[in-house]
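Step one of this worksheet: look at the structure below.
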């Protein structure tokens, strides 16, 4: 059926189409107005992936684990445990109407709490998105009751999550307490064996770095290094001779520079040399004052050389004493090393006992740490869930949606009216135009009359009478 035939059939049967359309819209409108109103109250919950009251480190949850975690929370909200808790919190089992409905539908078989919990779950809807927000919605005919039940589900869910978190940690704390007692007894026994062995062998410290013998060896080694450094330093000082270049280096020695008497003699000698040059330039080398100053400078030089020799003799004596001290330290270190080797040979069993004690100590500390963590977390009073927006009594009903139902009935009525027209046309085909004859099979056509058009010239003209309007047949 082409569009022209369809529209011609629709015009011919428009009454049937209008009746079907109006009947559909009217029925949908009446049914929508007569249906009981249902209100939806929604509570928004924020579910965080980290624990605030926890001693464990809070890490960011990967995306896949976060989605699985949110889905787990949804399953907890829609669980029978939470629904039964809502029934107990709202005391729905004590409602006479609820008891009457339970007796009527179930005949008193089973538990009324389980029946009410299953009924609440049928009217409950939980929705999530890409965020950490969970929408808990409850549908009911009374808006206040819908809001109360939605908030009750949120409260019961938070209590259930807290219970699921606290109860395992409480049991773990009890178990770790028992294990800690056993591990402590083992630790005390191990430490007792270690102490008995130390007393029997005369060992003061279990760590060789803290042992007296090793400490003494370290001190002796340090003293030997200092003594050898002192010997090397004194040898380098002693190698200073009386040549002019080495004389200047000797005068710059720390011992010389720190000796006030030598510094005074050096200053007086420098002053005398300057005075001698002044007298030589003024009076000449044969002048009595010049000769007297020259004699004084020679005496000062001899005295300075004598002091320097005494100082160098003291350095040689100190070098000899340092060498003797270094030799004694070497002998003491050798004896101390022999003592350490002797003590180390007797420490095989001590090392085993020490490792046993350390292992027992670590096991006990780990158990106590886990016990403390479990005990603290078992006393948690908060969860990772918080109410973002509590449910409020809705003002408008959620169902029925009259406007949407009328819009849908308009579309359905239109499709239904068109379908009835098409079915009637297919069952009772009528000819309304030339196009109907074109599609109809085995229908003889005598001629086709087109639409009337005025002639371009007069049909009656001329003195002789009427002219032919139609051409003569051939």
Just the residues that are surrounded by 13 or more Cβ atoms within 10 Å (Cβ to Cβ), modelled with pLDDT of 75 or more and more than 30 Å from residue 192 (Cβ to Cβ), please, taken from region 331-382.
332, 333, 337
Give just the number: which of (1) surrounded by 11 or more Cβ atoms within 10 Å (Cβ to Cβ); (2) modelled with pLDDT under 60 does residue 461 not satisfy?
(1)
Given the structure, is residue 43 more than 30 Å from residue 372 (Cβ to Cβ), modelled with pLDDT of 80 or more, assigned by TED's automatic domain parsing to the domain that holds residue 132 and outside any helix (DSSP H, G or I)?
yes
Going by the conditions given, is residue 116 in contact (Cβ under 8 Å) with a residue 24 or more places away in the chain, more than 17 Å from residue 40 (Cβ to Cβ) and exposed (fewer than 14 other Cβ atoms within 10 Å of the Cβ)?
no
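The values are calculated or read from the model by the stated rules, or taken from the named source; none is laboratory data. This is a predicted model, so every value here is computed, not measured. Don't worry about glycine lacking a Cβ; one is built from the backbone with ideal geometry, like all the others, and counts go over all protein chains shown.
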